[in-house]
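These notes concern the structure reproduced below.
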Amino acid sequence: MRVNSLTLFLTGIIAVAIAAWGYNQYTLRRAMELDLNARYQRAFYELLTNTQNLEVLLSKSLVVNGREQAGAVFSSVWQQAMAAQANLGQLPISTELTARTAKFLTQVADYANTLVRRAGTGAPVTRDHWERLRRLYDQAAVLNRELHRMEARVATNGAYFWEITRTAAAKRGVAQVSLPQAHADFRAINREMQTYPTLIYDGPFSDHMERKKPLGLTGSVISAADAEKRALAVIDRVRGTAYSAKTTGTVKGRIEAYRVEVTGSRPGADEKATCLISRKGGHPVLMLLGRDIGGARVDLAAAEERAAHYLDRLGFPKMRLSYSIRRNGMVTFNFVGEEDGVVVYPDMVKVTVALDNGQVVGLDATPYLMAHHPRQAFRPSLTLEQARSFLSPHLKVEKGRLALIPTDAGEEKLTYEFRGTVGPNTFLIYLDAANGEEVKVLKLITSAAGTLVM
């Protein structure tokens, strides 16, 4: 009897041990699956980013005409194509299903490398080169479109790529196994690629390099009490609301400023705003007002008029609307300076308006205060028509004008800004007003929120 009891006891222990071991193995295997799938997902999304960039860069190559810009664009095409190829190779997809896509990426990289060398010698892009680039761009657009379709399925199925490796293992012991969706998607892409022969907009120059020293600060150093008064003047007040201000600290950086908290109280609603007021001159640097935003009742035209009036009240002269973007019941307008008919992009101010009642709930004057200063008269060496002759013949020009833009070196350059199209794509081309050299090429993308640039 004791023997049977001992046997049962030992059997129970062994069963528990086996169960624990099995659960541990399951846990380890599951952790490995999640880790591998995370790697596959990361490789896929990086591939998606590479192909998006590749499509935009190839579209730019259709209008680029200057030696330096051409070299930069073709070099970037080569880098993105190589990165895309590397990320494609990390996915658990058979080479049979990715062969045509991999071959396309290799061709793009090799061809771009050839054009980089040509650009270095000053050789122009010929008609034959342009036609090849156009075909590569068309093919990149198809690849980008198909990968975006895959993205939707990846977003709804976390095991999207891991299912491939599970299916591959199952095939070794089962005669018929259903084809995973990722295999089917890449097979469709491969077939599509065989039909071809062997991009909260802030404005075009919102991210330019800040200067070491702000140029737009004028006046003497103010006190904290003065900063509070000026912060109250920055607030776009709502009738029936009582506002109070209190300095809560200072901010160091390129623009030293007082941090002022403004509170607004009225029956049924409260507002809280943070304002940065520069110590030198008491200029408004930043204002962010927080409150619940209701349903939109103000149209964009009325909101733009409200923003322009607000800037005029704060003393920002001669500003013109550049671009805008709408999100979360608000619209942000990007205004830039204008001097003697020349658009001055470095002098930018952003104003955000709530569309429920038209109140200004945001201001960012940092770019303006960093860049604004008295400038000499603008004297371009070329006329508008002379500058136009330097553009790619493939660009259908819509309009042109003089524009002062910031450079990567933190300086300013007088250019001619041309807006034009190639097929369905719209571009902004900036040519040096002194010699017609290409300075910048930007692609405009229209969305429901506003205009994006790449």
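Values for this structure:
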quantity: Ranked order, Glu68, Glu131 - accessible area, probe 1.4 Å, largest first; calculated: Glu68, Glu131
quantity: Per-peptide average of other Cβ atoms within 10 Å, ordering 272-279, 287-294, 301-308 highest first; calculated: 272-279, 301-308, 287-294
quantity: Peptide ranges 45-56, 241-252 listed from the most packed, as the mean C-beta count within 10 angstrom indicates; calculated: 45-56, 241-252
quantity: Accessible heavy-atom area order of Trp78, Trp130, highest first, probe of 1.4 Å; calculated: Trp78, Trp130
quantity: Sites Ala242 and Arg42, calculated FRET efficiency, Cβ-Cβ separation with R0 35 Å, nearest 0.05; calculated: 0.10
quantity: Region 215-321, relative contact order in percent, only Cα pairs under 8 angstrom and at least six apart counted; calculated: 23 percent
quantity: Accessible surface of Asp270 - all protein chains present, 1.4 Å probe, nearest 10 Å²; calculated: 110 Å²
quantity: Set Lys280/Lys318; Lys246/Lys413; Lys280/Lys413 screened for pairs whose C-alpha atoms are more than 30 Å apart; calculated: Lys246/Lys413
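The values are calculated or read from the model by the stated rules, or taken from the named source; none is laboratory data. In this text the structure is predicted, and so the values were computed from the model without any measurement. FYI the Cβ positions are ideal-geometry reconstructions off the backbone, even for glycines, and counts take in every protein chain you see. Ligands, DNA and RNA are excluded from the accessible area calculation, which covers all protein heavy atoms including side chains. Shrake-Rupley method; radii C 1.70, N 1.55, O 1.52, S 1.80 Å.
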